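Enquirer: There's a structure below that I have some questions on.
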Amino acid sequence: DWADTYGLHSPVLGDRGWGYWLAGTALGDDFGYPTWIVIGPDLEVLEMGTGFSSWEGITTIITDHAGQ
């Protein structure tokens, strides 16, 4: 509902520090902004990284994991 209310068309996630702790620990000196994490329905971390150019690469990670 929040994404629809504000007209957002990309993934949105808010947390209270878990993402920062997880990515900061895993990426170490490579941690930066933006940092992104793709997490499967079973809470498995599928991929994480920093930087951003498009959603295409992230979409591929998600669809490959889903077997599509």
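The values are calculated or read from the model by the stated rules, or taken from the named source; none is laboratory data. Just so you know, these numbers come straight off a predicted model, no measurement behind them. Ligands, DNA and RNA are excluded from the accessible area calculation, which covers all protein heavy atoms including side chains. Shrake-Rupley method; radii C 1.70, N 1.55, O 1.52, S 1.80 Å.
Enquirer: Before I look further, what does the chain give for accessible area per residue, probe 1.4 Å, in whole square angstrom?
Expert: Value for the chain: 82 Å² per residue.
Enquirer: Run the 1.4 Å probe and let me know the accessible area of residue 52, rounded to the nearest 10 Å².
Expert: 110 Å²
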